[in-house]
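These notes concern the structure reproduced below.
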Amino acid sequence: MDLFRPFRDGWPDLPCSIVCAVFHRRLCMRTQRLLACLFLLSGLSAWRAAPAAEFVVTSRLDSGAGTLREAMFAANSTANPPHTIRFESPYPIGGRIVLASTLPSLGQATIIDGGDRFAQLSGNEQFPLLLTSQPLTIRNLQLMDGWAPAVNTTAGNGGCIRYNGTGSNLLVENARFENCAARSLLIASGGAIQWLSGSGSVTIRNSVFQLNAAVSNDAGSEQPRGGAIAASGNILIEDSTFDNSQALAQGGTRGGFGGALSLGAPESGAVTIRGNRFRFNLATPDAANLGWGGAVYVSADSNAEVTLENNWFRENMALLGSAAHIRMVGTGITLALRNNSFQGNEAVEGGQVSVIGGQVRFWHNSFDAGLATSGSQLRLESSDVRQFSNNILGRSTGTSACQTIGIDRTNLVGAGNVLVAPCTGLELADDQLLGSDPLPIRDESQRIGVLVYADDLRILDRGSDLPEHCLVTDARGTPRSLDGNADGATRCDPGALEHASPRVFRDGFETISIP
């Protein structure tokens, strides 16, 4: 096969007679070969792909020169993506684009960056915002009032971002999503973002999601999912805030999945939820069935890994698993919960965390004020529980703090847990049972809220210091271990927060509880 023919065919032949008229006949063939090589190199240079293009948005109008709409049209018609759409002066800082019609669907890999303009894009509670079938990156933008009702589309999914392809990646950084809604007669999905990518990835960082909703209102086919985000693939969500989002079924009996997040981990995939705040989210807590995961719902397939670490869950609601419901169907699936804090989450059953299936490990989690009929703190079903170390299970309301159904504890190890009441099926030899409820102080001065037990010597320095039980840092990155009770020795605290030494002599002798 002549591999170089495509590059040569576009160039005119050089007659040998011209060359031979200048050079000796013995050099003719050699000269032809040399010129052919030069022509080939020139062809390769012309064949190289042109660089990706950049389009600038300078106007906050809905259409016309310098607008986002025109930039999207241009990106779609330009070869060699990924392209960048960038906002710059004279676009006003914080300027808002209010859509008068649906934007064109992106057919090329695109980066949309608000830069230092922090542009706002509003669907005016009538139109979805960004539709794409290709990889997408969003930075430094506020997306708001994007609605995806069934009357505008074949399905009411992804109020602010909707993906209609397979296997592509989404990256969202430093963005804000507010009042985005997916509404459908059937299964509404992803109030702010729907990205069901299969083998692709979804990465969300340093972003805020508030007042988003996935709402279904058919009496026979509810099951809305992901009030803020519905996604599948390899997923990383970190350093973000999720407040007041809902997966809401109206008019029927079947509730939704994931008031804030409804996530699917494919076979051998991974879902990591790290360093986030979840408050006041709900998944149809009054439904007759379903209504799983008031803040977070994860469904994982065989050999997947699910990790929740350094998160803060406050006053989320669901029928089952008011803060998080993790469902693992298949073999070889692992779940790790590390340095999470749960307070005041309310469910009908399954309390603050509910888990079905998988190999489960718990380190340094703090549970306080869980509310459920049974298993007000934890509900574990058909799980292989491998680790339970340095957790605090504080006050709760219900018939039991823990509910365990068909769990395997053959390989269970752990130490350093502090409990108000026994955790049925998870008891370990050195667990410390408290005689009365600890009363922590809620500290939400940072995104990652924590429960502070600064004056309770029943908890300070009462964890296990063994490396297999004591994590290296706490929920806010403070190194463990510290001397929390001022006795001159450092020891690991149970729970998500590692306490520093109390200021005993600040104003004289402070009052400290005695064990």
- Residues of region 288-304 being within 28 Å of VAL208 (Cβ to Cβ), modelled with pLDDT under 95 and assigned to a loop (DSSP other than H, G, I, E, B), in sequence order, are LEU290, GLY291
- Query: Are any of the residues in region 219-236 on the phi < 0 side of the Ramachandran plot, surrounded by fewer than 23 Cβ atoms within 10 Å (Cβ to Cβ), assigned by TED's automatic domain parsing to the domain that holds ASP113 and acidic (Asp, Glu)?
  - Reply: no
- Only one of these conditions is not met by ALA249: (1) over 21 Å from SER383 (Cα atoms); (2) modelled with pLDDT of 95 or more; (3) of a type in the set (A, V, I, L, M, F, W, C); (4) in contact with an Asp or Glu (Cβ under 6 Å, 6 or more places away or on another chain). Which number is it? (2)
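Can you find a residue that is in a strand (DSSP E or B) and touching a residue at least 24 places away in the same chain (Cβ under 8 Å) anywhere in region 422-430?
Filtering region 422-430 down to residues in a strand (DSSP E or B) leaves none.
No, there is no match, as no residue in region 422-430 is in a strand (DSSP E or B) and touching a residue at least 24 places away in the same chain (Cβ under 8 Å).
Scan region 191-200 and give yes if some residue there is under 29 Å from GLY94 (Cβ atoms) and out of contact with any Cys (no Cβ under 8 Å at 6 or more places or on another chain), otherwise no. Even if it seems obvious, please write down each step before you answer.
So the first thing to find is which residues in region 191-200 are under 29 Å from GLY94 (Cβ atoms), and the list is 191-195.
Then keep just the ones that are out of contact with any Cys (no Cβ under 8 Å at 6 or more places or on another chain); that gives 194-195.
Within region 191-200, one or more residues are under 29 Å from GLY94 (Cβ atoms) and out of contact with any Cys (no Cβ under 8 Å at 6 or more places or on another chain).
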- Within region 482-498, which residues are at pLDDT 95 or above and either acidic (Asp, Glu) or touching a strand residue (DSSP E or B) at 6+ places or on another chain (Cβ under 7 Å) (or both)? ASP493, PRO494, GLY495, ALA496, LEU497, GLU498
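Taking strands (runs of 3 or more DSSP E) that do not extend beyond region 306-388, which have at least 1 residues that are in contact with a Lys or Arg (Cβ under 8 Å, 6 or more places away or on another chain)?
Numbers: elements: 312-314, 317-320, 324-328, 334-338, 341-343, 346-349, 353-356, 359-363, 366-368, 378-381.
So the answer is 312-314, 317-320, 334-338, 341-343, 346-349, 353-356, 359-363, 366-368.
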- Could you list, in sequence order, all residues of region 366-384 that are without any contact (Cβ under 8 Å) to a residue 60 or more places away in the chain and either under 25 Å from the mean Cα position of the chain (by Cα) or assigned by TED's automatic domain parsing to the domain that holds LEU308 (or both)? PHE367, GLY370, GLN377, LEU378, ARG379, LEU380, GLU381, SER383
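Report whether or not GLN377 is surrounded by fewer than 24 Cβ atoms within 10 Å (Cβ to Cβ) and within 24 Å of ARG458 (Cα to Cα).
Details: surrounded by fewer than 24 Cβ atoms within 10 Å (Cβ to Cβ): no; within 24 Å of ARG458 (Cα to Cα): yes.
It is false that GLN377 is surrounded by fewer than 24 Cβ atoms within 10 Å (Cβ to Cβ) and within 24 Å of ARG458 (Cα to Cα).
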- Close pairs (6 angstrom Cβ cut-off, 6 or more residues apart or separate chains): within 15 Å of ALA500 (Cα to Cα) in region 437-454, of a type in the set (Gly, Ala, Ser) and buried (at least 17 other Cβ atoms within 10 Å of the Cβ) anywhere: VAL450/SER341; VAL450/ALA475; VAL450/ALA496; LEU451/SER341; LEU451/SER366
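Give the residue, chosen from ALA75, ALA71, ALA109, that is over 18 Å from ALA181 (Cα atoms) and free of Cβ contacts under 8 Å to residues at least 24 places away in the same chain. It would help to see each step written out before you state the result.
Working: ALA75 fails: free of Cβ contacts under 8 Å to residues at least 24 places away in the same chain; ALA109 fails: free of Cβ contacts under 8 Å to residues at least 24 places away in the same chain.
Only one candidate qualifies: ALA71.
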- Query: When residues of region 82-108 are filtered for being under 26 Å from the mean Cα position of the chain (by Cα), assigned to a loop (DSSP other than H, G, I, E, B) and surrounded by 18 or more Cβ atoms within 10 Å (Cβ to Cβ), how many remain?
  - Reply: 2
- Message: Suppose we keep only residues that are among the hydroxyl-bearing types (Ser, Thr, Tyr) and over 18 Å from VAL418 (Cβ atoms) within region 499-515. Which one would you say is modelled with the highest pLDDT?
- Response: SER501
- Query: When region 265-310 is examined, which residues are found to be charged (D, E, K, R) and over 17 Å from ALA247 (Cβ atoms)?
  - Reply: GLU267, ARG274, ARG277, ASP301, GLU305, GLU309
- Message: Test of understanding: among ARG361, ARG386, ARG338, ARG327, which residue is modelled with pLDDT of 95 or more and over 27 Å from GLU468 (Cβ atoms)?
- Response: ARG327
- Task: Please enumerate the residues belonging to region 179-190 that are buried (at least 20 other Cβ atoms within 10 Å of the Cβ) and more than 19 Å from SER101 (Cα to Cα).
- Result: SER184, ILE187, ALA188, SER189, GLY190
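The values are calculated or read from the model by the stated rules, or taken from the named source; none is laboratory data. In this text, all values refer to a predicted model and were calculated from it rather than measured experimentally. Here the Cβ is made from the backbone with ideal geometry for all residues, glycine too, and neighbour counts use every protein chain on show.
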